[in-house]
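> The structure is given below, and queries will be raised subsequently.
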Amino acid sequence: MLFRALILTLALLWLPSPAFADKDAERARAALQAGQILPLGRILEAVQRDFNGEVIEVELDRERGNWVYEIKLLAPHGAVLKLDYDAASATLLRSRGHDADAARRRR
């Protein structure tokens, strides 16, 4: 029982606090209002333009001073792809995952 309580306590310490999540949302909102990033809808349009599949997760992070949308996409062939888009221009920066080219839309 003590072991289970210890595991639960450690798991709860790893979860982000609501205050931390609120701070992230405030930073994202400020970046959007300042014109530093595009709205998420524009990024999702770019993902749909570039890839076949279903978006299952989105994160917005700062990498080397630039805002980057990190997208996880469930490809039709079952692989989970990780896609990085420049948050200011909706340009694909990186695609990673098993056979990512198979999920790319042909233009």
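No value in this document is a laboratory result; all are computed from the given coordinates. Since we're looking at a predicted model, the values are computed, not measured. Quick reminder, even Gly has a Cβ in these numbers, built from the backbone with ideal geometry, and neighbours come from all protein chains shown.
> For a quick check of your reading of the model, give me the residue pairs whose first member lies in region 43-64 and is within 17 Å of Pro76 (Cα to Cα), whose second is of a type in the set (D, E, K, R) and surrounded by 12 or more Cβ atoms within 10 Å (Cβ to Cβ), with beta-carbon atoms closer than 9 Å and at least 6 apart or on different chains.
Matching pairs, first to second residue: Asp50/Arg104; Phe51/Arg104; Asn52/Arg104; Val55/Lys72; Ile56/Lys72; Glu57/Glu70; Glu57/Lys72.
> Among the helices (runs of 4 or more DSSP H) confined wholly to region 16-107, which include 1 or more residues that are surrounded by 11 or more Cβ atoms within 10 Å (Cβ to Cβ) and acidic (Asp, Glu)?
18-33, 40-50
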